[in-house]
1. Among GLY125, GLY156, GLY151, which is the only one that is away from the ligand (no atom under 11 Å from the Cβ) and on the phi > 0 side of the Ramachandran plot?
2. Which condition number in (1) touching a residue at least 24 places away in the same chain (Cβ under 8 Å); (2) closer than 11 Å to PHE81 by Cα; (3) polar (S, T, N, Q) is the one that THR180 fails?
3. Just to be sure, is VAL170 surrounded by 19 or more Cβ atoms within 10 Å (Cβ to Cβ) and either closer than 21 Å to VAL14 by Cα or polar (S, T, N, Q) (or both)?
4. I'm told ILE140 meets every condition in (1) touching a residue at least 60 places away in the same chain (Cβ under 8 Å); (2) open to solvent by less than 50 Å² (accessible area, probe 1.4 Å) except one. Can you identify the failing condition by its number?
5. Going through the range 33-61 one residue at a time, which ones are within 13 Å of the ligand (Cβ to nearest atom) and either part of a helix (DSSP H, G or I) or of a type in the set (D, E, K, R) (or both)?
6. May I ask you to list the residues in the range 147-167 that are part of a loop (DSSP other than H, G, I, E, B) and surrounded by fewer than 16 Cβ atoms within 10 Å (Cβ to Cβ)?
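The values are calculated or read from the model by the stated rules, or taken from the named source; none is laboratory data. Source: prediction; values computed, not measured. Positions of Cβ are generated from backbone atoms using ideal geometry, with glycine treated the same way; all protein chains shown enter the neighbour counts. All accessible areas refer to the heavy atoms of the entire protein, side chains included, with ligands and DNA or RNA removed. Shrake-Rupley method; radii C 1.70, N 1.55, O 1.52, S 1.80 Å.
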Amino acid sequence: MAPPNAHPFGILAVQGDFEMHARMLSRIGAPWKLVKRAADFDGIAGLIMPGGESTTMLKFFAEEGLGQPVKDFVGRGQPVFGTCAGAILLATEATNPPQESLGLLDITIERNAYGRQVDSSVRRGECPELSDHPIQMVFIRAPIIRRVGEGVRVLGRADGLPVLVQKGNVIASTFHPELTDDETIHRYFLLQR
Ligand code: GLN
C-alpha cells in the first residue's frame, strides 16, 4: 500500500475507459485522481492516458487546453503511460487517417490497423523484461505501431508486432492492460516515478 501522503497518479478523464484504470490502481493500492483540466496536473506523480477515441479526445484537448500541460509534464521528466487512443495521442505520427498528435514519443502509429473483422481480440503477448509469463492483451479497434524511432525500446510484442514501447519517461501500449486481472504493466508504470 502507498503511504497516505503519497502523490496520486493522474488518470486523464476527458473520454474513454479511465474508470478501469482507476479500478486497477485501487487494486494495486496506488492513489489516483482524475485529470480533466490543466489545474488537475498539480501534484500528480504520473499520468495515464486511457483508451477511447483519440479524435474525440483531441477535441477535448483543444477545448480545455490540455495539450500543453501534457507536454510540460513530459518535459519535466514525469512518467506518462498512454494506452491505445492514449498511445495514438503521444505518437509523433498518427496515420489512417493522418491526425494531429502531441509528438511526445517517436513512433508512427496506424489507427484501427487490425481491420474491421478483428475490431477486438484477446491475444497473448510477451514482455520478457517485465514478466516470465505470456500476458493476455485486449485489443479494441487497436492501432499498430508501424515505426519505432531511435532509442525507443520495444518492451512487449504480440504476433511479432511491437505492442508496448518506452522511451525515457513515456510508455505506450496498443492494448488495454486495465481490462484484465494482470497487474504487470501498471506495476511497471508505477515504478517509473
Ligand atoms: N480506434 C481508436 C482511435 O483511433 C482507439 C481505440 C482504443 O483506444 N481502444 O482512437
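1. Working: GLY125 fails: on the phi > 0 side of the Ramachandran plot; GLY156 fails: on the phi > 0 side of the Ramachandran plot.
From the options GLY125, GLY156, GLY151, the qualifying one is GLY151.
2. It is condition (2) that THR180 fails.
3. Numbers: surrounded by 19 or more Cβ atoms within 10 Å (Cβ to Cβ): yes; either closer than 21 Å to VAL14 by Cα or polar (S, T, N, Q) (or both): yes.
For VAL170, the condition - surrounded by 19 or more Cβ atoms within 10 Å (Cβ to Cβ) and either closer than 21 Å to VAL14 by Cα or polar (S, T, N, Q) (or both) - is met.
4. The one condition ILE140 does not meet is (2).
5. Residues of the range 33-61 within 13 Å of the ligand (Cβ to nearest atom): 48-61.
Within the range 33-61, GLU53, SER54, THR55, THR56, MET57, LEU58, LYS59, PHE60, PHE61 meet the criteria.
6. Step one: of the range 147-167, the residues part of a loop (DSSP other than H, G, I, E, B) are 149-152, 159-160.
Listed by number, the residues that qualify are GLY149, GLU150, GLY151, ASP159, GLY160.
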